[in-house]
Amino acid sequence: MGESGDEALTPAGRLFLQEETKQVINCVIGLKNPIDVELVKSEVRKSTMLQHPRFSSLLVRDERGVEHWRATQVEIDRHFRIIEEALCEEGDERAINGYLAELSIDRDGLSMDKPLWEIHLLMAHNCLIFRIHHALGDGISLMSMFLASCRKLNDPQALPAIASPSNISYPPFNFWNLLVTLWFSFLFVLDFILRCFWVRDPRSSITGGAGVELWPRKIATATFSLQDMKTVKTAVNATINDVLFAVISCGISRYLDFRAPNGLRDGVQLTGLAMVNLRKQPGLQELSNLMKRNSGARWGNKFGMILLPIYYQRSNFSDPLEYLKRAKATIDRKKRSLEASFSYKIGDFVMSTLGPKFAGLLNYRILCHTTFTISNVVGPQEEIMIGGNPITFLRANNSALPHALILNMVSYAGRADMQVQVAKDIIPDPEFLAKCFEDALLEMKEQVTAKI
């Protein structure tokens, strides 16, 4: 048993401590002005972050090997790494992405003798990297925590506004819609279970597999205009997530057609694994709500997974908007199912009954049986600053997975940056893949504006 006052980890937190599924989140913050190290440390000392017990607790194991959080005194200086010299001469973006690529395979870089977070300051590149173990929380929790330490650029005393999520329209409750929900849930949950054990994607030029999480990585950044995405989504009354999924579908097809023109037949399915926030209120959360025990928002890891199939099409596939129509239809069906909630509940049940090793094995197998991972965190819509220093971009990525392709998008102040993380021995040219994604959005926008 842990000592009096220790707090047990949640099942999801224990999952991210298993060797196969160990994960660290890297939040990347670009700054306009040179970094004042002492000012950053001062902001951290007085921030709400240190008021949260997760960020001021050690991870300890009792005599049975069960993990607990134990409160400790935070020594700020031990959590900072300061890199003074330029990392390369090829520009800030390439230097930062190269550093992140090294961090993505450094899953043991957070020492267990202090709370599981660090801040890396890349002084020559005006960049701050906030490293947090995934056991502390998910992307929504951590973005909400970060925003509580920021202020509006045009109003230095005001906290950034938490965007109100758009109203999600659900079909009216009746017997027919209930049957549709049950049918889709049955199909998607069955597919999910089969993926855990037997079914896997066909091999392609972007396929990973067991052990690939240890392979060297490269990272490139695809940048999108949110206004362009909003223009495209009006074509079929879609959402930003629909557009993102369509861009990924189109971009991957283009890349595969370039890398291996005769490698796959038209219509072959490749499957993505997407993370879905399961809190009652979608989107970013007020930090005070996250820290309330009885809040529906809840701090920590509160997300499920869904399988998102894409279908390879050759470059002569005529209309890029067909990808959008297919993406919207797929995600609409997913929204009408209980797949995400099921994946969370069954993971929680397996962790609680069969233990973290078996749960970690199931999670690892579904990663090995699919082709890529995708996540999307909505950031602030207005420009913000931290410690009086304006923020120029927000990005995120996570530790390497068995997937050879990991996509993490964060939006901020009118643009969205998607980190394209690859196993470089499988996908040697992530910059070209990122351009395939960017070009896909631009072509969709051209098609939409031409029809207006």
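The values are calculated or read from the model by the stated rules, or taken from the named source; none is laboratory data. From a predicted model like this one, the values you see are computed outputs, not experimental measurements. Cβ sites come from the backbone with ideal geometry, for glycine too, and all protein chains shown count toward neighbours. For accessibility, only protein heavy atoms count, side chains too; no ligands or nucleic acids. Shrake-Rupley method; radii C 1.70, N 1.55, O 1.52, S 1.80 Å.
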With the contact rule set at Cα under 8 Å and sequence spacing of 6 or more, what percent relative contact order holds for the chain?
25
Amide H within-cut-off set for Val24, under 5 Å, with H built and near neighbours excluded
His134, Ser399
Region 30-67 and region 379-452 have their Cα centres apart by a whole-number Å value of 27
Specify which residue in the list Thr231, Tyr323, Ser337 is farthest towards the positive end of the charge dipole of the chain, using unit charges on the beta carbon of Lys, Arg (+1) and Asp, Glu (-1), about the Cα centre.
Ser337
Lysines within cross-link reach of Lys302: Cα-Cα under 23 Å, excluding same-chain residues under 8 positions apart?
Lys22, Lys280, Lys292, Lys334, Lys335, Lys345, Lys357
Can you return the lysines within cross-link range of Lys451? Criterion is Cα-Cα under 22 Å, with same-chain partners fewer than 8 residues away left out.
Lys230, Lys233, Lys325, Lys328
Computed about the Cα centre, the charge dipole of the chain from +1 Lys/Arg and -1 Asp/Glu charges at the Cβ has a magnitude in debye, to the nearest 20, of 1460
Interchain or long-range residues, amide H under 5 Å from Thr392's placed H
Gly30, Leu31, Lys32
Could you please report the charge total around Leu324, scoring K, R as +1 and D, E as -1 over all other residues with beta-carbon less than 9 angstrom from its beta-carbon?
+2
If the only charges are +1 at each Lys and Arg Cβ and -1 at each Asp and Glu Cβ, what is the size of the charge dipole of region 1-49 around the Cα centre, to the nearest 20 debye?
280
Using the Kyte-Doolittle scale, which helices in the chain average at least -1.0 and also have C-alpha atoms spread 30 Å or more along the helix axis, with helices defined as whole DSSP H runs?
175-197, 430-451
Can you bin region 1-148 into rounded, prolate or oblate? Criterion: square roots of the alpha carbon gyration tensor eigenvalues sorted a ≥ b ≥ c, rounded for a/c under 1.5, prolate for a/b above b/c, oblate for the rest.
prolate
What ranking do 409-417, 199-207 get when scored by the average of other Cβ atoms within 10 Å per residue, highest first?
409-417, 199-207
Efficiency of FRET from Cβ geometry, Asp332 and Arg61, R₀ 51 Å, rounded to 0.05:
0.70
What is the extension gain from Phe358 to Lys230, computed as 0.36 nm multiplied by their sequence separation minus the C-alpha to C-alpha distance, in nm to one decimal?
41.9 nm
Under 5 Å between amide H atoms, partner at least 5 residues away or on a different chain: which partners does Glu382 have, H built in plane at 1.01 Å?
Ala413
Take Lys32, project a point 7 Å from its Cα along the Cβ direction, then tell me which residues of region 58-94 have their backbone nitrogen under 18 Å from it.
none
Could you derive backbone 3J(HN,Hα) for region 207-218 from the dihedral phi with the Karplus parameters 6.51, -1.76 and 1.60 (θ = phi - 60°), listing whole Hz in sequence and x where the residue is Gly or Pro?
7, x, x, 4, x, 5, 4, 8, 6, x, 10, 10
What percentage of the solvent-accessible surface of region 68-151, computed with a 1.4 Å probe over protein heavy atoms, is contributed by carbon and sulfur atoms?
44
If I take R0 = 30 Å and measure r between the Cβ atoms of Tyr311 and Phe197 in this structure, what FRET efficiency does the formula 1/(1 + (r/R0)^6) give, to the nearest 0.05?
0.80
Could you tell me the calculated FRET efficiency between Thr48 and Asp266, based on Cβ-Cβ distance and R0 = 51 angstrom, to the nearest 0.05?
0.45
